[in-house]
1. Mind checking which residues of the stretch 81-111 are of a type in the set (Gly, Ala, Ser), surrounded by fewer than 13 Cβ atoms within 10 Å (Cβ to Cβ) and over 16 Å from SER127 (Cα atoms)?
2. Yes or no: ILE161 among the aliphatic types (A, V, I, L, M), surrounded by 15 or more Cβ atoms within 10 Å (Cβ to Cβ) and under 27 Å from ASP116 (Cα atoms)?
3. Could you check ILE38 against (1) under 28 Å from the mean Cα position of the chain (by Cα); (2) β-branched (Val, Ile, Thr); (3) over 30 Å from GLN110 (Cα atoms); (4) open to solvent by less than 80 Å² (accessible area, probe 1.4 Å) and say which number it fails?
4. Restricting attention to the stretch 137-158, report how many residues are charged (D, E, K, R) and surrounded by 15 or more Cβ atoms within 10 Å (Cβ to Cβ).
5. If SER78 passes every condition in (1) open to solvent by less than 60 Å² (accessible area, probe 1.4 Å); (2) among the hydroxyl-bearing types (Ser, Thr, Tyr); (3) over 21 Å from VAL139 (Cβ atoms); (4) assigned to a loop (DSSP other than H, G, I, E, B) but one, which one does it miss?
6. Among the residues of the stretch 82-100, is there at least one that is farther than 30 Å from GLN174 by Cα and not in a helix (DSSP H, G or I)?
7. Which of the residues belonging to the stretch 120-131 are open to solvent by less than 20 Å² (accessible area, probe 1.4 Å) and not hydrophobic (A, V, I, L, M, F, W, C)?
8. Determine the pairs where a residue that is free of Cβ contacts under 8 Å to residues at least 60 places away in the same chain and among the acidic types (Asp, Glu), located within the stretch 144-165, has a partner that is open to solvent by 80 Å² or more (accessible area, probe 1.4 Å) and in a helix (DSSP H, G or I) with Cβ atoms under 7 Å apart, the partner being 6 or more residues away or on another chain.
Amino acid sequence: LSIKNNFDYIKNEISSDGQLLENTLKLERFYKKYKYIIWAILVVVVFGGISYQLYSYYNEKNIQKYSEIYSKLSNDASNTSLQDELKRGNPKLYDLFMLQQALKDGNINQLMEIKDSKSNVISSIASYHIGSFERDISVLKNVDKYTIGDLSKLQQAYILINENKIEDAEIKMQNFCL
């Protein structure tokens, strides 16, 4: 009985070794058939990973560079060479700097220039302040409702109250609450 068990054990081992050999041969045939495609995919993945890392590194350096320029401009706003460099390299950050300066100085002409910024948030803030400074409800109505639209509605109601248009202000505030 022991010999029969040993014989069955050996038979199962040979069978599993045969399956392993068969799978290895299938894998080898697959590799030979598609080796150029496999290597091409591998090269593309490695090249893509390296490119992504280089791109991320480049962007990080640019962010640091223009943040440093912005910081220097915050201390010395009259430095036109830094302003020009920031304007060329990062126009949205330049618009933010100009918005900061215009609000600090109360300069409506600068706000008018910034109103056409590529940044929706900066453009909305500039439009809001123009409408607030000039007390112009039509400008305040054009402020993007997703950025500071609620604040714009409050300012419109305030202007209407100052003009003794209480009913219009109430309607504006009722729409505000909806």
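1. SER81
2. The answer is no for ILE161.
3. (1)
4. 2
5. (1)
6. Among the residues of the stretch 82-100, at least one is farther than 30 Å from GLN174 by Cα and not in a helix (DSSP H, G or I), which makes the answer yes.
7. Taking the stretch 120-131 and keeping what is open to solvent by less than 20 Å² (accessible area, probe 1.4 Å), we get 122, 124, 126-127, 130-131.
Listed by number, the residues that qualify are SER124, SER127, GLY131.
8. ASP144/ASN120
The values are calculated or read from the model by the stated rules, or taken from the named source; none is laboratory data. On a predicted model such as this, the values are computed, not experimentally measured, just so you know. Glycine gets a Cβ as well: all are built from the backbone with ideal geometry, and neighbour counts include every protein chain shown. Please note that ligands, DNA and RNA were not included when accessible areas were found on the heavy atoms of the full protein model with its side chains. Shrake-Rupley method; radii C 1.70, N 1.55, O 1.52, S 1.80 Å.
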